[in-house]
1. Only helices (runs of 4 or more DSSP H) wholly contained in the range 92-188 count here; list those with 1 or more residues that are charged (D, E, K, R).
2. For the structure I just gave you, tell me whether Val172 is surrounded by 24 or more Cβ atoms within 10 Å (Cβ to Cβ), touching a helix residue (DSSP H, G or I) at 6+ places or on another chain (Cβ under 9 Å) and of a type in the set (A, V, I, L, M, F, W, C).
3. Looking at Leu144, Leu137, Leu180, can you tell me which residue is touching a helix residue (DSSP H, G or I) at 6+ places or on another chain (Cβ under 6 Å) and without any contact (Cβ under 8 Å) to a residue 60 or more places away in the chain?
4. Quick one: which residue in Val381, Val354 is within 29 Å of Ala545 (Cβ to Cβ) and either in contact (Cβ under 8 Å) with a residue 60 or more places away in the chain or part of a helix (DSSP H, G or I) (or both)?
5. Out of Leu35, Leu11, Leu68, which single residue is surrounded by fewer than 23 Cβ atoms within 10 Å (Cβ to Cβ), at pLDDT 85 or above, of a type in the set (A, V, I, L, M) and under 23 Å from Trp92 (Cβ atoms)?
6. Taking the range 103-145, which residues are closer than 22 Å to Thr58 by Cα and surrounded by fewer than 19 Cβ atoms within 10 Å (Cβ to Cβ)?
7. Looking at Leu432, is it assigned by TED's automatic domain parsing to the domain that holds Gly463, touching a residue at least 40 places away in the same chain (Cβ under 8 Å) and under 23 Å from the mean Cα position of the chain (by Cα)?
8. Consider Ser200 carefully, then state whether it is over 26 Å from Phe168 (Cα atoms), among the polar types (S, T, N, Q), touching a residue at least 24 places away in the same chain (Cβ under 8 Å) and surrounded by 22 or more Cβ atoms within 10 Å (Cβ to Cβ).
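The values are calculated or read from the model by the stated rules, or taken from the named source; none is laboratory data. Remember, predicted model here, so these are calculated numbers, not experimental data. Glycine also receives a Cβ, built like all others from the backbone with ideal geometry; neighbour counts cover every protein chain displayed.
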Amino acid sequence: MTWALISAVSLTAIVGMASKRWTNISTLILGLGILTIGGAGLTSGGTHLILPGVFELTAIGSWFLVVLGVVASMSAWYRMGYHDHGRSSSVWLQLFLLSMASVILAENIWVFLTAWEAMAISSFFLVTTNHHKPGVLQSGYIYLVMSQLSAMFILAGFMAVSSQLHSFDFSVWAVHAASLPTSTKDLVFVLLGVGFGIKSGIVPFHIWLPRAHPVAPAPISALMSGAMIKLGIFGIIQFLFIDLGTTSRFMPIVVLAAGAISALLGVLYALMEHDLKRLLAYHSIENIGIILLGVGVMGIGIDWNQPALIALGLTASLFHTLNHAIFKSQLFLAAGAVEKHTGTLDADHLGGLVRTMPGVAIGFLAGSMAITALPPFNGFVSEWLTFRGLLGLASHSGWLLAAYGLALAMSLGLTGALAGVCFVKAFGTIFLGEPRRQVAHDTIPSSMTSPILALGLLSLLLGILPQPLLGLVSQLDPNATSQSLAPGRLPLSPETLIVAALLLGGAALFVKLSRIRDLKTVPRWSCGRVPDASMQLTSASFTKAIRTTFAVIYRPHRQLEQLGGHAPDFADRLIYRGGTAPIWERHVYKPLYRFVWKASHLSTRMQAGPVRLYLAYLLGTVGLMIAIIH
């Protein structure tokens, strides 16, 4: 049955590549097919050989296929009303989806890396779809370079394992990788951790993410943030923790630190953004950090032989992986609708869109509540499980690790609070108030609004009734018992949430009906005058207190320019410029870029020499290799 589904999905993708007319329909069928295959693997459990030596469906892989299928099908539905970018874009889209599915199903190194490279190349062409716009190609090339660095680290890690086990098959690794020497495990952990961390956008390897996601079309941004970066999480869970097993106890602590730093810095950088898609891109970094916190709890449980921590960490990380895929793709699709409706994503140019696109506004509000972990949406459940895992470190370890877990929990709490501030700013400045500038209002088709609302409804359902999916997660670790994998009682039962929602809805309806006859429309008043749109809060003014509080991270700068014939005493015009300095780009990547650029110029001298010099290089290289081998 699974083989028949995969054959039908592949045939559908080929049809979509060949015919521009059927691209959106074939992409939708392809997404639903991937979702069906993942669901079938989850419900059946265990490992299924699809094509011996090539493709294999594992329990963890089934979960990530479900994640990919949900995002792909909703993006395809949305794309039916989105601007069509031509046949070439459609071909790369089909290849992108097939390559991501192949990464999850790969059974050996060569299939995995081939699919990984196909995923990078196809997504590069999708990111640069609008290559005629300024900065798009530069962002695409940065993404491509980081993708190649990711592949190089992953290849080095895979070679380190295969040289010890004398096998390229992942099924052999699943049995024997846990018996590798600790030194080899640590090396593999570092190499693969960096490789998969680059693809996931973990700080400090995140530089490509806030550049590539905003310039891509909205459905592609949803696929990259909702599904593609999760494949880095898939690699970390599958190869670093499930296959390697127990490692040096320092490694999970590093993963926890990387998760906390990524989550906190991601939301801090998001707060300073005015562009909606860049804001959402930084929140992807934040949520990848939250997922890593759950993964780190799982790693602590493995190293300390604590089944409860393994279960809690695995459940929290996998469930938040799905939840983030749902509400982040929803938010990116809503951002695409805003851009199509107004022609801009600058929050300081927008306002009052709730009156012109109410469906998208409701969908964005639901996604905002989910991503900020407000009940009764799904983000609350997975973040609550992550909190439980971090606090559980205190009861399963010594005082030092207990204090570390408490500090991480406090960091997660601060991250959640800042995320709430960020989305209050985003929703308030874009959808509430008055328009700050006159912008065109193009009609949004229902095929763009419907998937946004559908994803919001799915977030609500998973927040109210998470138990069925949590039960499926409990079957994904073959080394744990069902009792140890139970996520425990949630802070709010579904019945309580339903009753509370009905009571709140009834109270709101009663207030509305009781006051509707007494409503009067009067001009807005402020300090003796009727304000205009220019008096509204901007994104910068809303977050000024946070910018000054975290000035050591933001490094804010200000510049006042005075113009006119009698400036500076009697200036005709004042221009104020302000902003923040990205410390990673200024202090890490720019110096590294300058070093590589100078080294590449020096290498041209070596390449321009006589033939006898090339022969000397070759002889020296052969001699060095012989010396290393012996």
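1. Hits in the range 92-188: 109-127.
2. no
3. Leu144
4. Val354
5. Checking each option against the conditions leaves just Leu35.
6. The answer is Trp110, Leu113, Thr114, Glu117, Ala118.
7. It is false that Leu432 is assigned by TED's automatic domain parsing to the domain that holds Gly463, touching a residue at least 40 places away in the same chain (Cβ under 8 Å) and under 23 Å from the mean Cα position of the chain (by Cα).
8. So Ser200 does not fit the description; no.
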